[in-house]
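Structure first, commentary second.
The values are calculated or read from the model by the stated rules, or taken from the named source; none is laboratory data. Since the structure is predicted, the reported quantities are computational estimates derived from the model, not experimental observations. As a convention, Cβ positions derive from the backbone with ideal geometry for all residues, glycine included, and neighbour counts pool all protein chains shown.
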Amino acid sequence: MIAPVRSLKGCDFIDLADLDRAQLREVLDLAHAIKAGQWSERPLDGRHVAMLFQKPSHRTRVSFEVGIARLGGSTTTLTENDVQLGVRETIPDAARVLDCYVDGIIARLRSHEDLLQLSGASDKPVINGLTDRSHPCQVLADLMTLEEVRGDLKQQHLAYIGDGNNVANSLIEAAAITGIALTLISPAGYEPAADVLERARRIDSGTPRITVTNDIKAIDGATAIYTDVWVSMGQEAEREARRRAFVEYQVNKDVMNAAPGAVFMHCLPAHRGEEVTDEVIDGPRSVVFQQAGNRLHAQMALLAELFAR
């Protein structure tokens, strides 16, 4: 007998690893159904969600606002100046106040530790819209996109070229959960953190197919090549040092030619001419705007599971 999938109703979504394999499969299946027009329920009818943004937001804000509206809910968006977490009031106090008004919180914060404080103090579901440690909603959309363009995730080899940042961390967790082969290629000193890799080993009781290397040529058999910006928000003081470190790690025509079966992926926004060239991101193998569009469907599926009636 197949065990029922454990309900996500009322849970927080802080990292992709908060989902087990069956729960992730259920979210992805629902996301595909929503996109195909095969599911149109409104589990957020009469519910209101607060969205806290310490960082500028394009895809995250619009996709969540549209998705929540389509699910029947409404939103209040609060910028850093509106709430001033940890400055004007403590994070636990802000969380308890929001609990009086709203049914859930989406937070795009600088510090992952601040997000953990927020979720620990709130009785309502808290969703990670991005922190310095992880970007799980983006990677839900990435997995959905890979299934659309390449099929069974266990048959995929994803080569990530760039900084061992929040996106890389969430991809590592995704690989441990789904069985994707993941090669992370970074300059020396910019590899993913050891504790993230150790958590991936704990997630997968077998041997996760995760490789960390400094060799940009380690892309044999890749079915997807993924990159992100060299300088993320908050790292502007490191711009010149990072540009020097990453200059040999640009995804260009030569890199894509070395992996002829691979699509190109990017979480956006892209710094064209730095981590990727125009001919790659605008080329026929690029699926970056499909990824961006799938943020809507993947997040609607996640919200539907967290706010199930």
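Where strands (runs of 3 or more DSSP E) sit wholly within region 163-242, those with at least 3 residues that are assigned by TED's automatic domain parsing to the domain that holds Val276, farther than 22 Å from Ala292 by Cα and more than 16 Å from the chain's Cα centre (by Cα) occupy 181-185, 210-213. Here Ala301 passes the criteria (1) in a helix (DSSP H, G or I); (2) exposed (fewer than 13 other Cβ atoms within 10 Å of the Cβ) except the one numbered (2).
None of Arg309, Arg295, Arg285, Arg272 is touching a strand residue (DSSP E or B) at 6+ places or on another chain (Cβ under 7 Å) and charged (D, E, K, R) except Arg285. A count restricted to region 108-147 and to residues that are out of contact with any helix residue (DSSP H, G or I) (no Cβ under 7 Å at 6 or more places or on another chain) and surrounded by fewer than 24 Cβ atoms within 10 Å (Cβ to Cβ) stands at 7.
Among the residues of region 134-162, those identified as free of Cβ contacts under 8 Å to residues at least 60 places away in the same chain and either part of a loop (DSSP other than H, G, I, E, B) or in contact with a strand residue (DSSP E or B) (Cβ under 7 Å, 6 or more places away or on another chain) (or both) are Gly151, Asp152. Residues in region 40-61: is at least one in a helix (DSSP H, G or I) and more than 22 Å from Ile172 (Cβ to Cβ)? Yes, region 40-61 has at least one match. If you go through region 273-289 and keep only what is closer than 18 Å to Glu148 by Cα and either in contact with a Ser or Thr (Cβ under 7 Å, 6 or more places away or on another chain) or acidic (Asp, Glu) (or both), you end up with just Val287. Applying the selection to region 185-205, what residues are out of contact with any Pro (no Cβ under 7 Å at 6 or more places or on another chain), in contact (Cβ under 8 Å) with a residue 24 or more places away in the chain and more than 16 Å from Asn166 (Cβ to Cβ)? Listed by number, the residues that qualify are Ile185, Pro187, Ala188, Gly189, Ile203, Asp204. Could you check Gln23 against (1) of a type outside the set (Gly, Ala, Ser); (2) over 28 Å from Ile172 (Cα atoms); (3) in contact (Cβ under 8 Å) with a residue 24 or more places away in the chain and say which number it fails? Exception for Gln23: condition (2). Working only within region 82-128, note down all residues that are touching a residue at least 24 places away in the same chain (Cβ under 8 Å), more than 26 Å from Leu140 (Cα to Cα) and not in a helix (DSSP H, G or I). Answer for region 82-128, where residues must be touching a residue at least 24 places away in the same chain (Cβ under 8 Å), more than 26 Å from Leu140 (Cα to Cα) and not in a helix (DSSP H, G or I): Leu85, Gly86. Answer with yes or no whether Glu274 is acidic (Asp, Glu) and either within 18 Å of the chain's Cα centre (by Cα) or in a helix (DSSP H, G or I) (or both). Judged against the criteria, Glu274 is not a match. So, Ala168, is that one buried (at least 23 other Cβ atoms within 10 Å of the Cβ), touching a strand residue (DSSP E or B) at 6+ places or on another chain (Cβ under 9 Å) and under 20 Å from His32 (Cβ atoms) or not? In short, no. Can you find even one residue in region 248-256 that is in a loop (DSSP other than H, G, I, E, B), within 22 Å of Ala188 (Cα to Cα) and free of Cβ contacts under 8 Å to residues at least 60 places away in the same chain? Yes, some residue in region 248-256 is in a loop (DSSP other than H, G, I, E, B), within 22 Å of Ala188 (Cα to Cα) and free of Cβ contacts under 8 Å to residues at least 60 places away in the same chain.
Test Asp45 against the stated conditions and say whether it is more than 23 Å from Asp123 (Cβ to Cβ) and of a type in the set (Asp, Glu). Considered against the rule, which asks whether it is more than 23 Å from Asp123 (Cβ to Cβ) and of a type in the set (Asp, Glu), Asp45 comes out as no. When region 1-22 is filtered for residues that are crowded, with 18+ Cβ neighbours inside 10 Å and outside any loop (DSSP other than H, G, I, E, B), the ones remaining, listed by number, are Phe13, Leu16, Ala17.
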